[in-house]
1. When you scan the range 134-160, how many residues do you find that are under 18 Å from the mean Cα position of the chain (by Cα) and without any contact (Cβ under 8 Å) to a residue 24 or more places away in the chain?
2. Out of the helices (runs of 4 or more DSSP H) lying entirely within the range 1-71, which hold 1 or more residues that are modelled with pLDDT of 50 or more?
3. Can you confirm whether ASP164 is over 23 Å from GLY244 (Cα atoms), acidic (Asp, Glu) and in a loop (DSSP other than H, G, I, E, B)?
4. Residues in the range 253-275: is at least one under 30 Å from LEU160 (Cα atoms) and of a type in the set (Lys, Arg)?
5. As an exercise: evaluate ILE424 against (1) modelled with pLDDT under 85; (2) surrounded by 15 or more Cβ atoms within 10 Å (Cβ to Cβ) and give the number of the one condition it does not meet.
6. Condition first: buried (at least 23 other Cβ atoms within 10 Å of the Cβ) and under 21 Å from LYS342 (Cβ atoms). Now tell me which residues in the range 256-284 satisfy that.
7. Of all residues in the range 151-178, count the ones that are among the charged types (D, E, K, R) and closer than 18 Å to VAL205 by Cα.
8. Here is a check on your reading of the model: is ARG173 charged (D, E, K, R) and in contact with a Cys (Cβ under 9 Å, 6 or more places away or on another chain)?
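The values are calculated or read from the model by the stated rules, or taken from the named source; none is laboratory data. All figures in this text were calculated on a predicted structure; none of them were measured in a lab. Virtual Cβ from ideal backbone geometry, glycine too; neighbours counted across all protein chains shown.
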Amino acid sequence: MPNTGRPSRDCDSCRKRRIKCDLKYPECSQCLRKKWKCPGYRKESDVLFRTETVLSFPDNQSRDRRRTQTRQAEREDFFKKQDEVRSLSKQPSHYPRRTMISKSLTETWNNHFIPLALTGMRSSTDMPLTIINTISHLISQEKRESALYGAFNALACVFLGQTDRSKNALALRIKSYRNALTAINSTLRDPQKCKSNSTLLAIWVLGVYEFIADPTNMGWHIHSEGLINLFRLRGSENYATEDGRNLFLLVFNNLQIQAIRTGQESYITESITLVHDLADHCHSSEYLPLRTCIFTYHCALLCSRIRRLLNEANDAELLSNAASILQDLDTVETKTDPLSDKRFITSNIVEPPLPAAYSSKGSNTVPSHPTMIDSIYRGSIMYRINWRIRVSLHVLEFLQQATVAANCTSSQRITYTLYRLRCIDELRALVERAAFYLGTEHDKQGSVHELACHIRTNLLPRTGPSDGIQDFVVEEP
């Protein structure tokens, strides 16, 4: 009921006679002076809302003395619009009729585990975009029930478990891993499928799963051995396609880590053969990753030798090998064999961790960094940084053992101490360089212990396990 204005508060007698009422209570002065019986005042709330229908609203408004008398035009316009609305509602609509959905829309896990696994893999490794594209291409060619899908499903469950530590998430991870193993075992029994790029990638992914789930167990090494054996079985098929050559980089990295862990010469010898095979098949755009493979080979060769000496040699053997170990440390960036005759290898310079104050070769200025970083360049540089960190840590551990040897002379101890300080400076420079390429910040003023913790927690896992040096305590000289 719309409001039509404020009603008169005069008594009934004054309102009928249209005279001014002074509103005195209980009787007004006009009625007392005329000797009339004042009928009293009405309640304002009884007459405040008088209009009860839309039709009566314009008429009642027209009787309001404080409003204008012309409301007929508005009334006619109102009814005209009502007629237009009724006529439009009878015409067929050009838009589809909305229907209610009886069930809620839900996203399934199958729609998300591949992106989750790829995102987690790229953020936790130094993989260039070319390898990511190869992985995506191989996934697109497989069916959902394939071994590759099963492996990525298990890997995604690991990354999910880093944020969801519930029992359901753990049960899902174990179940997905069991299903992936079943699918891979079935694929390996097929003589054709077992040699495919997808099978090779699936085994590598399960190795990543084992490493992320529990870096201390032997799962990664078991899958890595299977990966290397399958790579040997494939032969020349490894280099026939660009996808195969990109997968070679993943297998080669695992091969170098196995060489450090076991100290077996067979891995080192095999690495030389693989480098020659890749050089015979690669394109000019793949020279940079090939140079990185040669550098990591020499890093692994030095680390493997140091690990074997630390595990088997006595103090006298440590001291007798110290000079050659330090010489290899000085020249590890400049070695290009077994492809020293290839100009595209020798012309690609590996930057040393520090300016050439410690070495007779190299530039006297710190290498400048590009403002626009190519994905292949960034991935190769990060692999070089990571493997050079492994070299510095192995040499540092070797020198700490040699320094406390019973037969170590004072001059040798001084030399070893200077090299230990150099290795620590190298680690700081390499960590700072890695922070630049990763776009992160690093505390340059941290202690040696904090530096070692940062390396073991954030950098070494980006290329794989760090057996041997994981428990090594870096001591200030």
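1. The number of residues fulfilling the criteria is 1.
2. Those helices (runs of 4 or more DSSP H) span 12-17, 29-34, 44-47.
3. Taking the combined requirement at face value, the residue satisfies it.
4. Yes, there is a match, as at least one residue in the range 253-275 is under 30 Å from LEU160 (Cα atoms) and of a type in the set (Lys, Arg).
5. (1)
6. GLN256, the sole residue that qualifies.
7. 3
8. Judged against the criteria, ARG173 is a match.
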